[in-house]
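Accompanying notes for the structure given below.
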Amino acid sequence: MAFVTSLWLALLGTFYILGSAAQDYSITGYIASGTGCSPSTFSSSLASDGKNVGLKYGSFTAYAGPSYSYDDGRKNCQLTLSVKVPGGYQFAFDKFNHNASYAIGQDVTGSFKTSYYFQATLPEAEGDGTIAGPAKLDTTLTDNFSPLVWSPCGQNAVVGINTEVRVDNGNNNAASGSFTIRSTPVSFTESYA
Ligand SMILES: *[C@@H]1O[C@H](CO)[C@@H](O)[C@H](O)[C@H]1NC(C)=O
């Protein structure tokens, strides 16, 4: 049998199953660490079947402005996920959707970026976006990964996912900005490539 199968792990509110194989994927464990997800401000809920995990951040905000230090301009959260993968299959992430908000002044830029890689492999996939101030919005921000990076074939995978937000007021030091990620749902969506 020639299976060329791609399981997309996407950040969607919905879980689609287009084949029995999706039943066999599950998130078996995860760890989060970083300046944007310290244990006291981060919470998460892994579904008992391992099909999705909700990530909630209480302090994932980057700031720039006269009263902030350079280090306040960048926050990150590194998530390490262990994924059970059925024999003969691989998966990739196609995108993450972050519940986010920003308020960015004149000549200030806000940016977000997610990258992921599989443990013991080199390629890294990256998705990002930049917002030029002045701008203010509560929104869903999407990291679209291109090109995709696939998990090793037929093996359980450990994937590192790093998300960061930045605010840069280097072009106008008097101006301010903040950029927040509030939550990120992660779930399996299956599609065939
Ligand atoms: C984002 O999160 C906030 C706070 O939990 C919530 O009120 C809002 O409805 C969410 N937005 C979206 C687009 O889900």
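What follows is calculated from the coordinates using simple rules that are stated; it is not laboratory data. None of these values were measured; they are calculated from a predicted model. Cβ sites come from the backbone with ideal geometry, for glycine too, and all protein chains shown count toward neighbours.
Scan around GLY58 for amide H atoms under 5 Å from its own, H built in the peptide plane at 1.01 Å from N, and keep only partners 5 or more places away or cross-chain.
Under 5 Å from the amide H of GLY58: PHE42, SER43.
Please compute the length gained on full extension between ASN171 and LYS84, using 0.36 nm multiplied by the number of residues separating them and subtracting their Cα-Cα distance.
Taking 0.36 nm per residue and subtracting the Cα distance, the gain is 26.7 nm.
For THR163, what is the net charge nearby, where nearby means another residue's Cβ is under 15 Å from its Cβ and Lys, Arg count +1, Asp, Glu -1?
Net local charge, THR163 excluded: +2.
About the Cα centre of segment 8-192, what is the dipole size in debye to 20, counting +1 per Lys and Arg Cβ and -1 per Asp and Glu Cβ, all else neutral?
280
Considering only C-alpha atoms, what is the centroid distance from segment 86-125 to segment 134-193, in Å?
Here the two parts' Cα centres lie 4 Å apart.
Relative contact order for segment 8-192: what percent, with Cα pairs under 8 Å and sequence separation of 6 or more?
35
Run the numbers for SER48 and ASP24: contour at 0.36 nm per residue of separation, minus the present Cα-Cα distance, in nm.
Going from the current span to full extension adds 7.3 nm.
Across segment 41-47, in residue order, what do the Karplus-derived ³J(HN,Hα) couplings come to in whole Hz, using 6.51 cos²θ - 1.76 cosθ + 1.60 with θ = phi - 60° and x for Gly and Pro?
Each residue of segment 41-47 in turn: 10, 10, 9, 8, 9, 9, 4 Hz.
Give, in nm to one decimal, the length gained when the segment between GLN119 and ASP138 is fully stretched (0.36 nm per residue of separation minus the Cα-Cα distance).
Here the answer is 3.4 nm.
Given a Förster distance of 41 angstrom, what is the FRET efficiency for TYR70 paired with GLN155, based on the Cβ-Cβ distance and rounded to 0.05?
According to the calculation, E is roughly 0.50.
Please say if segment 8-192 is rounded, prolate or oblate, where rounded means a/c under 1.5 for a ≥ b ≥ c the square roots of the C-alpha gyration tensor eigenvalues, and otherwise the choice is prolate for a/b larger than b/c and oblate otherwise?
Prolate, since a/c reaches 1.5 and a/b exceeds b/c.
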